[in-house]
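See structure below.
The values are calculated or read from the model by the stated rules, or taken from the named source; none is laboratory data. All figures in this text were calculated on a predicted structure; none of them were measured in a lab. When we count neighbours, we look across all protein chains shown, and the Cβ atoms used for this are built from the backbone with ideal geometry, even at glycine.
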Amino acid sequence: MIQKVLDRQKTASGNEIILTDAGGDGTTVLTIGVFHGDEPSGKYLTESFLEKDLHPKNRLLFIPCLNPDGFLNKTRCNSNGVDLNRNFPTKNWISGKKDKYFGGNTPASEIETMFLIRVIEKYKPDLILTLHEPYRIVNYDGPASGIAKELSKITGYKVEENIGYPTPGSFGTYCGIERNIPVITLEFAPTVESEDAVLPIETPENLGCLYDKVMEYLADSSIF
(Lines give C-alpha, C1' and ligand atoms only; values in the text may rest on other atoms or scores of the structure.)
Protein backbone atom coordinates (compact mmCIF):
# COMPACT_ATOMS: atom_id res chain seq x y z
CA MET A 1 0.00 0.00 0.00
CA ILE A 2 1.34 3.43 -0.91
CA GLN A 3 1.49 5.59 2.19
CA LYS A 4 3.04 8.84 3.30
CA VAL A 5 3.96 10.26 6.67
CA LEU A 6 1.83 13.28 7.56
CA ASP A 7 3.19 14.07 11.01
CA ARG A 8 5.79 12.98 13.55
CA GLN A 9 6.21 13.63 17.25
CA LYS A 10 8.97 12.70 19.70
CA THR A 11 7.90 11.50 23.15
CA ALA A 12 9.49 12.52 26.45
CA SER A 13 11.86 9.55 26.04
CA GLY A 14 12.73 10.45 22.46
CA ASN A 15 10.70 7.74 20.75
CA GLU A 16 8.65 8.66 17.70
CA ILE A 17 4.90 8.68 17.09
CA ILE A 18 3.97 8.66 13.40
CA LEU A 19 0.77 9.56 11.55
CA THR A 20 0.53 7.95 8.11
CA ASP A 21 -1.90 8.41 5.21
CA ALA A 22 -2.72 5.26 3.24
CA GLY A 23 -4.72 7.05 0.55
CA GLY A 24 -8.34 7.32 -0.46
CA ASP A 25 -10.46 10.45 -0.69
CA GLY A 26 -13.81 9.47 0.81
CA THR A 27 -14.79 9.33 4.47
CA THR A 28 -11.76 9.91 6.70
CA VAL A 29 -11.10 7.01 9.09
CA LEU A 30 -8.40 7.39 11.73
CA THR A 31 -7.08 4.19 13.35
CA ILE A 32 -5.00 4.36 16.53
CA GLY A 33 -2.99 1.53 18.05
CA VAL A 34 -1.29 1.12 21.43
CA PHE A 35 -2.89 3.66 23.72
CA HIS A 36 -1.61 1.30 26.38
CA GLY A 37 1.86 -0.14 26.05
CA ASP A 38 0.84 -3.49 27.49
CA GLU A 39 -1.75 -3.90 24.71
CA PRO A 40 0.71 -4.24 21.83
CA SER A 41 -1.29 -5.91 19.06
CA GLY A 42 -2.47 -2.64 17.46
CA LYS A 43 1.05 -1.82 16.30
CA TYR A 44 1.58 -5.19 14.66
CA LEU A 45 -1.88 -5.26 13.08
CA THR A 46 -1.73 -1.77 11.57
CA GLU A 47 1.83 -2.11 10.31
CA SER A 48 1.03 -5.47 8.73
CA PHE A 49 -2.09 -4.05 7.09
CA LEU A 50 -0.08 -1.16 5.66
CA GLU A 51 2.14 -3.64 3.82
CA LYS A 52 -0.79 -4.82 1.69
CA ASP A 53 -1.46 -3.60 -1.82
CA LEU A 54 -4.85 -1.98 -1.29
CA HIS A 55 -6.48 1.03 -2.88
CA PRO A 56 -9.08 2.26 -0.40
CA LYS A 57 -12.06 4.34 -1.37
CA ASN A 58 -12.17 6.02 2.03
CA ARG A 59 -9.22 7.99 3.34
CA LEU A 60 -7.32 5.87 5.86
CA LEU A 61 -5.08 7.52 8.45
CA PHE A 62 -3.08 5.49 10.97
CA ILE A 63 -1.19 6.05 14.19
CA PRO A 64 0.19 2.52 14.65
CA CYS A 65 1.65 3.22 18.09
CA LEU A 66 0.49 6.22 20.14
CA ASN A 67 2.47 5.13 23.21
CA PRO A 68 5.91 3.95 22.03
CA ASP A 69 7.46 4.50 25.47
CA GLY A 70 4.92 2.22 27.12
CA PHE A 71 5.22 -0.26 24.26
CA LEU A 72 8.98 -0.55 24.71
CA ASN A 73 8.67 -0.71 28.50
CA LYS A 74 5.69 -3.11 28.35
CA THR A 75 3.71 -0.82 30.65
CA ARG A 76 0.17 0.51 30.38
CA CYS A 77 1.28 4.08 31.03
CA ASN A 78 3.73 6.29 29.19
CA SER A 79 7.20 7.15 30.51
CA ASN A 80 5.70 9.73 32.89
CA GLY A 81 3.44 7.10 34.44
CA VAL A 82 0.28 8.55 32.87
CA ASP A 83 -2.55 6.48 31.41
CA LEU A 84 -3.11 8.26 28.09
CA ASN A 85 -6.73 7.10 28.02
CA ARG A 86 -7.40 9.11 31.20
CA ASN A 87 -5.49 12.26 30.16
CA PHE A 88 -7.92 13.98 27.77
CA PRO A 89 -9.46 17.36 28.71
CA THR A 90 -13.00 16.15 29.32
CA LYS A 91 -15.61 17.50 31.71
CA ASN A 92 -15.13 14.43 33.91
CA TRP A 93 -11.30 14.43 33.96
CA ILE A 94 -9.68 13.73 37.32
CA SER A 95 -6.04 13.27 38.22
CA GLY A 96 -6.67 10.27 40.44
CA LYS A 97 -4.23 8.06 42.28
CA LYS A 98 -0.76 7.54 40.87
CA ASP A 99 -1.50 4.01 39.80
CA LYS A 100 -1.87 2.47 36.34
CA TYR A 101 -4.97 4.64 35.74
CA PHE A 102 -3.32 7.94 36.70
CA GLY A 103 -4.82 10.76 34.62
CA GLY A 104 -1.83 13.09 34.87
CA ASN A 105 -1.25 16.22 36.92
CA THR A 106 -3.37 18.26 34.49
CA PRO A 107 -5.61 17.31 31.53
CA ALA A 108 -3.73 16.97 28.22
CA SER A 109 -0.44 17.16 30.10
CA GLU A 110 1.21 14.53 27.90
CA ILE A 111 2.97 14.93 24.56
CA GLU A 112 1.09 11.94 23.17
CA THR A 113 -2.29 13.39 24.16
CA MET A 114 -1.49 16.79 22.65
CA PHE A 115 -0.28 15.14 19.44
CA LEU A 116 -3.54 13.22 19.03
CA ILE A 117 -5.65 16.31 19.75
CA ARG A 118 -3.65 18.18 17.09
CA VAL A 119 -4.22 15.40 14.55
CA ILE A 120 -7.97 15.38 15.18
CA GLU A 121 -8.27 19.15 14.93
CA LYS A 122 -6.28 19.25 11.69
CA TYR A 123 -7.62 16.21 9.81
CA LYS A 124 -11.17 16.10 11.23
CA PRO A 125 -11.79 12.34 10.98
CA ASP A 126 -15.34 11.18 10.32
CA LEU A 127 -14.74 7.96 12.26
CA ILE A 128 -12.08 6.93 14.75
CA LEU A 129 -11.11 3.32 15.49
CA THR A 130 -8.96 2.62 18.55
CA LEU A 131 -7.37 -0.79 19.04
CA HIS A 132 -7.21 -2.26 22.53
CA GLU A 133 -7.04 -5.57 24.39
CA PRO A 134 -8.21 -7.86 26.07
CA TYR A 135 -12.03 -7.98 26.38
CA ARG A 136 -13.20 -9.27 22.98
CA ILE A 137 -15.90 -6.62 22.58
CA VAL A 138 -16.87 -3.73 20.33
CA ASN A 139 -17.32 -0.62 22.47
CA TYR A 140 -18.42 2.74 21.09
CA ASP A 141 -18.91 6.40 22.00
CA GLY A 142 -20.89 9.04 20.16
CA PRO A 143 -23.02 8.29 17.07
CA ALA A 144 -21.37 4.96 16.25
CA SER A 145 -23.92 2.28 17.20
CA GLY A 146 -24.61 1.29 13.59
CA ILE A 147 -20.94 0.88 12.76
CA ALA A 148 -20.41 -1.02 16.02
CA LYS A 149 -23.09 -3.52 14.98
CA GLU A 150 -21.42 -4.03 11.59
CA LEU A 151 -18.04 -4.62 13.21
CA SER A 152 -19.67 -7.03 15.64
CA LYS A 153 -20.88 -9.10 12.68
CA ILE A 154 -17.37 -9.14 11.23
CA THR A 155 -15.50 -9.97 14.44
CA GLY A 156 -18.04 -12.04 16.33
CA TYR A 157 -17.46 -9.78 19.36
CA LYS A 158 -20.45 -8.45 21.30
CA VAL A 159 -21.34 -4.76 21.22
CA GLU A 160 -20.96 -3.11 24.62
CA GLU A 161 -21.80 0.58 24.91
CA ASN A 162 -20.46 0.64 28.48
CA ILE A 163 -17.03 -0.82 29.17
CA GLY A 164 -18.17 -1.64 32.70
CA TYR A 165 -16.10 0.74 34.84
CA PRO A 166 -15.52 4.53 35.08
CA THR A 167 -13.13 6.06 32.55
CA PRO A 168 -12.71 9.76 33.44
CA GLY A 169 -10.70 11.72 30.90
CA SER A 170 -11.04 9.00 28.27
CA PHE A 171 -10.52 9.47 24.56
CA GLY A 172 -14.01 8.10 23.87
CA THR A 173 -15.57 10.75 26.08
CA TYR A 174 -13.41 13.52 24.59
CA CYS A 175 -14.19 12.73 20.94
CA GLY A 176 -17.33 10.62 20.96
CA ILE A 177 -19.48 12.10 23.68
CA GLU A 178 -18.25 15.70 23.87
CA ARG A 179 -17.44 16.26 20.16
CA ASN A 180 -19.95 13.89 18.54
CA ILE A 181 -17.31 12.08 16.46
CA PRO A 182 -18.11 8.36 16.07
CA VAL A 183 -15.52 6.42 18.08
CA ILE A 184 -15.16 2.65 18.05
CA THR A 185 -13.01 0.93 20.68
CA LEU A 186 -12.25 -2.50 19.30
CA GLU A 187 -11.12 -4.71 22.17
CA PHE A 188 -9.30 -7.68 20.69
CA ALA A 189 -8.51 -10.93 22.43
CA PRO A 190 -5.42 -10.61 24.67
CA THR A 191 -2.01 -11.18 23.16
CA VAL A 192 -0.16 -10.90 26.49
CA GLU A 193 -0.97 -12.22 29.94
CA SER A 194 -2.42 -9.70 32.39
CA GLU A 195 -4.81 -9.54 35.32
CA ASP A 196 -7.57 -8.50 32.89
CA ALA A 197 -6.79 -11.05 30.17
CA VAL A 198 -9.73 -13.17 29.11
CA LEU A 199 -8.21 -16.52 28.14
CA PRO A 200 -7.09 -17.93 25.81
CA ILE A 201 -4.16 -15.76 24.78
CA GLU A 202 -3.95 -15.12 21.03
CA THR A 203 -0.98 -14.21 18.87
CA PRO A 204 -1.08 -10.95 16.89
CA GLU A 205 -0.67 -13.04 13.74
CA ASN A 206 -3.88 -14.93 14.52
CA LEU A 207 -5.75 -11.66 14.93
CA GLY A 208 -4.48 -10.34 11.61
CA CYS A 209 -7.22 -11.93 9.48
CA LEU A 210 -9.91 -10.48 11.75
CA TYR A 211 -8.38 -7.02 11.70
CA ASP A 212 -7.92 -7.08 7.93
CA LYS A 213 -11.64 -7.84 7.47
CA VAL A 214 -12.51 -4.87 9.70
CA MET A 215 -10.23 -2.55 7.75
CA GLU A 216 -11.42 -3.79 4.36
CA TYR A 217 -14.97 -2.93 5.42
CA LEU A 218 -13.94 0.53 6.67
CA ALA A 219 -11.80 1.15 3.58
CA ASP A 220 -14.51 0.59 0.99
CA SER A 221 -17.96 0.85 2.50
CA SER A 222 -20.23 3.88 2.53
CA ILE A 223 -20.09 4.28 6.29
CA PHE A 224 -22.23 7.41 6.44
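Remarks
- Test for Ala197: is it in a loop (DSSP other than H, G, I, E, B) and modelled with pLDDT of 90 or more: no
- On inspection, Thr90 does not qualify as not hydrophobic (A, V, I, L, M, F, W, C) and not in a loop (DSSP other than H, G, I, E, B).
- Given (1) part of a loop (DSSP other than H, G, I, E, B); (2) farther than 18 Å from Phe49 by Cβ; (3) in contact (Cβ under 8 Å) with a residue 12 or more places away in the chain, index of the condition Ile223 fails: (2)
- Every residue from region 18-57 that is farther than 19 Å from Asp126 by Cβ, buried (at least 23 other Cβ atoms within 10 Å of the Cβ) and among the aliphatic types (A, V, I, L, M): Val34, Leu45
- Cβ-Cβ under 8 Å pairs, at least 6 apart or on other chains, region 62-83 side among the aliphatic types (A, V, I, L, M), far side modelled with pLDDT under 95: none
- Reported count of residues in region 119-152, each being hydrophobic (A, V, I, L, M, F, W, C), surrounded by fewer than 23 Cβ atoms within 10 Å (Cβ to Cβ) and assigned to a strand (DSSP E or B), is 2.
- Among the residues examined, Phe88 qualifies as under 30 Å from Ser221 (Cβ atoms), over 13 Å from the mean Cα position of the chain (by Cα) and at pLDDT 95 or above.
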